[in-house]
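Engineer: One structure follows; several queries about it will come next.
The values are calculated or read from the model by the stated rules, or taken from the named source; none is laboratory data. Here the structure is a predicted model, which means the values were calculated and not measured. Positions of Cβ are backbone-derived with ideal geometry, glycine not excepted, and every protein chain shown enters the neighbour counts. Areas reflect the complete protein model, heavy atoms only, side chains present, ligands, DNA and RNA absent. Shrake-Rupley method; radii C 1.70, N 1.55, O 1.52, S 1.80 Å.
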Amino acid sequence: MAVYDKYFLMKENDVADYVTAKMPDFFKTPLALSVKEIGDGNLNYIFRVVNETDGVSLIVKQAGYTLRISSEMQISPERNRVESEILLLQKKYADGLVPDVYQYDTVMCVCIMEDLSDYQLMRYALIEHKTFPYFAEDITDYMVNTLINTTDIVMDHKAKKELVKRFINPELCEITEDLVYTEPYNDNKKRNRVTPENLKFVENELYNDENLRLEAAKLKFEFMNNAQALLHGDLHTGSIFVKEKAVGNERLTRVFDPEFAFYGPIGYDAGNVIANLFFAWHNGNAAGKKDFCDWILTSAMSVIDLFKQKFLNVFSKNATDVMAKTDGFAEYYLSSIISDTAACTGLELIRRTVGMAQVKDITSIADKKKRIEAERVNILCAKDCILNRCSFKRGQDFVDVLHRALSRLG
Ligand code: SR1
Ligand code: MG
């Protein structure tokens with residue numbers, strides 16, 4: 001039997017042997033393992049392994065040296081270790097909201113984890129215009145518990161610095177620094193993908209707007225230097241599973257894929273959630289799904305308002321830092337998170353509209369005119385979020401900004 005003491009990138013027909021060697025007691029005999037590669041993300045290979053005898057299954061996730069999205073992009077597969085350790089840590093803070101990790105292997109860069117195939121990827125569910133009434137509750141539980149509990153507000157400062165060190169994640173951060181905080185404002189690596197009919201609009205509104213570029217530059221250095229909390233780092237709707245009906249007391253929302261995790265500004269995670277709800281709104285709007293669009297906006301508003309409410313609760317229960325407990329500090333700290341959230345909503349809206357990694361919610365809008373308009377609204381809305389970030393205080397402000405952009409386009 002192979003010992004797997006040297007890395008190689010597995011193909012479907014390598015995985016059954018690997019799993020049998022690594023987890024000999026997981027499956028009952030007789031073994032009839034079927035393996036299918038089901039990944040459709042930008043980076044890794046995901047194998048679903050099912051024992052056809054009784055339907056018991058698991059997921060094998062392996063990182064390669066090059067990315068799926070581009071063989072020219074090389075990144076250490078060590079990201080698999082980051083992801084596995086983060087999921088184990090997050091289970092402590094947000095049990096039931098992340099997949100269980102069974103084991104990980106730092107030689108083969110593999111994580112073996114719970115199969116969540118009875119859930120649906122949230123982005124795809126939203127493209128089918130399904131609604132999830134519990135989403136705002138669940139995602140704010142996840143955000144508040146994983147974020148504030150890893151800050152200096154709650155943690156012993158030396159223990160927190162150990163986590164900063166352990167999850168420094170420079171290569172994955174560099175992708176974000178390039179794709180989110182740099183290229184959308186100048187196309188310096190010529191990797192942007194702009195819809196031809198919007199080229200002039202993008203040049204005027206993004207590439208030639210010096211004021212916007214200055215604000216994006218300030219935010220980039222905030223991202224790189226504000227080690228506030230242990231972020232998910234890529235909290236879009238393609239990193240979230242959802243289902244409509246729970247079995248037993250399971251949660252309807254599960255957050256996975258935290259390989260971009262590092263210590264950064266909390267608003268980065270929160271802004272990703274809001275922007276990706278807006279993408280789904282555009283998809284629903286283009287299809288004339290009014291109820292769906294209303295639900296999206298109500299959810300975006302609730303995400304902000306519930307986050308604020310829960311944040312203050314956890315703060316008052318868990319804060320340990322003596323100075324942080326000073327009257328008024330929690331509100332001051334939270335208000336800067338909400339401004340960062342507005343800014344990061346804007347950054348995500350822009351980068352998914354003109355950058356290298358786009359989202360199906362927008363690219364699958366078949367009506368050309370509607371897609372062009374959706375892209376323009378994203379850009380106008382994003383600029384408002386970035387340039388006026390300090391005026392964002394509550395959920396309603398995040399709904400108003402989308403309406404302002406829609407009315408500016410006429
Ligand atoms: C090169 S990776 C492109 C994008 O995919 C990931 O999900 C991140 O969002 C990253 O920016
Ligand atoms: Mg991902």
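Engineer: As an exercise: evaluate Y93 against (1) closer than 15 Å to L231 by Cβ; (2) open to solvent by 30 Å² or more (accessible area, probe 1.4 Å); (3) assigned by TED's automatic domain parsing to the domain that holds S316 and give the number of the one condition it does not meet.
Structural biologist: Among (1) closer than 15 Å to L231 by Cβ; (2) open to solvent by 30 Å² or more (accessible area, probe 1.4 Å); (3) assigned by TED's automatic domain parsing to the domain that holds S316, the lone unmet condition for Y93 is (3).
Engineer: Moving on. In segment 132-180, what residues are hydroxyl-bearing (S, T, Y), surrounded by fewer than 20 Cβ atoms within 10 Å (Cβ to Cβ) and under 19 Å from R351 (Cβ atoms)?
Structural biologist: none
Engineer: Please go through (1) open to solvent by less than 30 Å² (accessible area, probe 1.4 Å); (2) within 16 Å of ligand 1 (Cβ to nearest atom) for Q228 and return the number of the only condition it doesn't satisfy.
Structural biologist: If we test Q228 against (1) open to solvent by less than 30 Å² (accessible area, probe 1.4 Å); (2) within 16 Å of ligand 1 (Cβ to nearest atom), just (2) comes out false.
Engineer: Could you please tell me which pairs satisfy a Cβ distance under 9 Å, a separation of 6+ or placement on different chains, a first residue in segment 311-328 that is free of Cβ contacts under 8 Å to residues at least 12 places away in the same chain, and a second residue that is among the hydrophobic types (A, V, I, L, M, F, W, C) and surrounded by fewer than 16 Cβ atoms within 10 Å (Cβ to Cβ)?
Structural biologist: Between residues of segment 311-328 that are free of Cβ contacts under 8 Å to residues at least 12 places away in the same chain and residues that are among the hydrophobic types (A, V, I, L, M, F, W, C) and surrounded by fewer than 16 Cβ atoms within 10 Å (Cβ to Cβ), the close pairs are M323/F329.
Engineer: Which members of segment 241-277 meet the condition of being among the β-branched types (V, I, T) and within 16 Å of ligand 1 (Cβ to nearest atom)?
Structural biologist: V255, V273, I274
Engineer: Here are E83, E114: which of them is within 16 Å of ligand 2 (Cβ to nearest atom), within 20 Å of the chain's Cα centre (by Cα) and at pLDDT 95 or above?
Structural biologist: On inspection, the qualifying residue turns out to be E83.
Rundown of residues vs (1) open to solvent by 40 Å² or more (accessible area, probe 1.4 Å); (2) in the same structural domain as K91 (by TED's automatic domain parsing); (3) polar (S, T, N, Q); (4) under 29 Å from E162 (Cα atoms), yes/no style:
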site: V247; (1), (2), (3), (4): yes, no, no, no
site: R254; (1), (2), (3), (4): no, no, no, yes
site: L277; (1), (2), (3), (4): no, no, no, no
site: A280; (1), (2), (3), (4): no, no, no, no
site: D291; (1), (2), (3), (4): yes, no, no, no
site: L297; (1), (2), (3), (4): no, no, no, no
site: K310; (1), (2), (3), (4): no, no, no, yes
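Engineer: For segment 100-131, what are the residues that are closer than 19 Å to V303 by Cβ, open to solvent by 10 Å² or more (accessible area, probe 1.4 Å) and part of a helix (DSSP H, G or I)?
Structural biologist: R123
Engineer: Give the number of residues within segment 243-261 that are within 16 Å of ligand 2 (Cβ to nearest atom) and on the phi < 0 side of the Ramachandran plot.
Structural biologist: Here the count works out to 7.
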